1. Assuming 1.306 mPa s and 10 °C, estimate D for the range 124-220 with Stokes-Einstein, Rh taken as the Kirkwood radius over Cα pairs, in µm²/s.
2. Per residue, how much accessible area does the range 35-111 show when a 1.4 Å probe rolls over the protein heavy atoms, in square angstrom?
3. Which of TYR38, ALA86, ALA197 sits farthest toward the positive end of the charge dipole of the chain, with +1 on the Cβ of Lys and Arg and -1 on the Cβ of Asp and Glu?
4. How about the range 1-93: which chymotrypsin sites (Phe, Trp or Tyr not before Pro) there are in a DSSP loop, with at most 12 other Cβ atoms within 10 Å of their Cβ?
5. Mind checking the dipole of the chain: about its Cα centre, +1 per Lys or Arg Cβ, -1 per Asp or Glu Cβ, Debye to the nearest 20?
6. Wrap a convex hull around the Cα atoms of the chain, take a quarter of its surface area, and give that in square nanometres.
7. If you place +1 on the Cβ of every Lys and Arg and -1 on the Cβ of every Asp and Glu, how big does the dipole about the Cα centre of the range 80-134 come out, in debye to the nearest 20?
8. The range 139-220: which GluC sites (Glu not before Pro) are DSSP loop and have at most 16 other beta-carbon atoms within 10 angstrom?
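The values are calculated or read from the model by the stated rules, or taken from the named source; none is laboratory data. Just so it is clear, the structure is predicted and the values come from calculations on it, not from any experiment. Positions of Cβ are backbone-derived with ideal geometry, glycine not excepted, and every protein chain shown enters the neighbour counts. The area values use the complete protein model at the heavy-atom level, side chains included, leaving out ligands, DNA and RNA. Shrake-Rupley method; radii C 1.70, N 1.55, O 1.52, S 1.80 Å.
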Amino acid sequence: FANTALAGKRVVITAGPTREALDPVRYLSNHSSGKMGYALARAAVEAGARTTLVSGPVGLATPEHVERVDVISARDMLAACQERSASCDIFIACAAVADYRPAEIQDQKIKKGGEHSSLALVRNPDIVAAVAAGSPRPFTVGFAAETRDVLNYARDKLARKNLDMIVANDVAAEGLGFASDENEVTVIWREGEQALARAGKQTLARQIIQLIATHAGQPQ
Ligand code: C5P
């Protein structure tokens, strides 16, 4: 291992998008590439953690020494996380979970009709909030991708979802976030925050994992 910051710890990381089926051939999803979550998994392994990726559909190779659990929908992801969250030390929610899913999944392909159509949607479960509400609960870390007022929304999410730490990033900034290889984030916890300068996702992932290791080691 490159370092021992998380030696002996179990880490579960969600990554990628979720896909919410509409019918046998269609789904709702988003542009998450999974790169940040996979970079975090690599950094956690480097730090000596036993690492599991709960991954939505992405086109990335499984990092070495990482256990990978593939899921499709938000509800699948929730089930996979709930099975594992009570027995892990650190939970990092990096996935771009679809906020809503179609109210019904049609058995047959939906046929086109008139000029207008509409779709009934229902809210998906909030996975990281569910994990943070558990008992026992792991040190729980969320991400906040925002297009404005980034730090305020992130602090609000930290409190509302009862997280221990949140990683805020401005997805409106040119060349950063989602499909990009670079990012620039501010890591916020209850009593402090640290800005991490623009860098490759693997470099940032290592810095985020070191901050998590420092704070997860302290009494909550
Ligand atoms: O509320 P918002 O979606 O912006 O919160 C983002 C954070 O919450 C991320 O850590 C994301 O992985 C997590 N999340 C989740 N389940 C959802 C929605 C978001 O775990 N249904």
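1. Values: Rh = 13.8 Å.
My calculation gives 115 µm²/s for D.
2. 48 Å²
3. Towards the positive end, the residue furthest out is ALA86.
4. In loop regions of the range 1-93 (DSSP not H, G, I, E or B), the sparsely surrounded chymotrypsin sites (Phe, Trp or Tyr not before Pro) are PHE1.
5. Value, rounded to 20: 320 debye.
6. Numbers: hull surface 52.3 nm².
Taking the Cα atoms of the chain, their convex hull projects to 13.1 nm² on average.
7. 240 debye
8. GLU174, GLU191
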